[in-house]
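Visitor: Have a look at the structure that comes next, please.
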Amino acid sequence: MYKIGEFSKITNLTIKALHYYDEQDILKPSSKNEANYRLYSDEDLKKARLIVLLKNFSFSIKEIKDVIDNYTSEEDLKYFLNEKRDAILENIKKEKELVNLINRNIPSTLFKEEYTMNYLVERKNIQKTNVITFRFKGRYSDVGEYISSLYKEAKSNGTGPVLNLYYDEGYEEEADIEICVPLKKKITSSKFEVKELPEIHALSTIHKGSYDNINNAYKAIIDYAKENNIEINAPSRLIYHKGPGMIFKGNPENYITEVIIPIVGFCEAK
């Protein structure tokens, strides 16, 4: 058995850390002597080495405890490490997206008034249309992953630009999104839902440029509705008249997106 100081030297875990792991039920000493000193066994040493390994791989205290509580074999450890690796890769992806966002806004265009000053808001009657759809909950940036599958299922019946329905009242990290590909005629599909989008009366505006600033288009419509005592409704729609391709994204400054928000009650198109 090893005293806590000896165990600390062997494991490269500080005495303070060993006290903390004891309190958190992550690494408890196998026994205590008459003086209430902690004593660690060879089995404790194996567990300590696992903790050091997990620390080196940036596992949090909560994650380390979860592994310790559920670890029974090398296969278990492989599974936990694979999960951690996937989480790191996802985080790298998000960080790269953040870097790209920063790069696109150097010099910053986030606060230029032209984004809110140049929107022409129109009242429209949007005709009903047949669509093949996929509805999911996820990030707004996940939309592109599903579009090609919808077009593939629609085959030659797909017509016009893709449109998305957004069912949430406000902005959400995990948004309720329905991707729709308009159809020339109704088809049958075993993979996706085929339905008719109803006619709606709506306010509409065109956003030109990156999706990073599309919130300004929403602001223009909401401001117009407030000024004219118009009650808006959900789901809002985005029609991607010109956007990224299936392979190449193209220049985001050339994207053209129509933002449509339904209104309550009848409205003559102007």
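Read-outs throughout are calculated quantities, based only on the coordinates presented, and are distinct from any laboratory measurement. All values reported here derive from a predicted model rather than from experimental measurement. Cβ: placed from backbone, ideal geometry, glycine included. Neighbour counts: every protein chain shown.
Visitor: Sort LYS185, LYS93, LYS195 so that the residue with the fewest other Cβ atoms within 10 Å of its own Cβ comes first and the one with the most comes last.
Guide: By the 10 Å Cβ count, ascending: LYS185, LYS93, LYS195.
Visitor: Right, another one. Are any of the pairs LYS32/LYS78; LYS93/LYS137; LYS152/LYS184; LYS96/LYS155; LYS124/LYS219 more than 24 Å apart by Cα-Cα distance, and if so, which?
Guide: LYS32/LYS78; LYS96/LYS155
Visitor: Could I ask something else about it? Relative to the longest principal Cα axis of the chain, at what angle does helix 144-154 sit, 0 to 90 degrees, rounded to 10?
Guide: 50
Visitor: Regarding the range 114-262, what's the average projected area of the Cα-atom convex hull, expressed in nm²?
Guide: Hull-based average projected area comes out at 8.8 nm².
Visitor: Also, quick follow-up: Inverting the mean 1/r over all pairs of different Cα atoms, compute the Kirkwood radius of the chain and quote it in Å.
Guide: One over the average 1/r among Cα pairs gives 23.4 Å for the chain.
Visitor: Go ahead and run the numbers for FRET between LEU98 and ASN215, Cβ-Cβ distance against an R0 of 22 Å, rounding to 0.05.
Guide: With R0 = 22 Å, the Cβ-Cβ based efficiency is 0.80.
Visitor: Using R₀ = 45 Å, calculate the FRET efficiency as 1/(1 + (r/R₀)^6) where r is the Cβ-Cβ separation of GLU173 and LEU39; round to 0.05.
Guide: 0.40
Visitor: If you place +1 on the Cβ of every Lys and Arg, -1 on the Cβ of every Asp and Glu, and leave all else neutral, what size is the dipole of the range 114-262 about its Cα centre, to the nearest 20 Debye?
Guide: Rounded to the nearest 20 debye, it is 840 debye.
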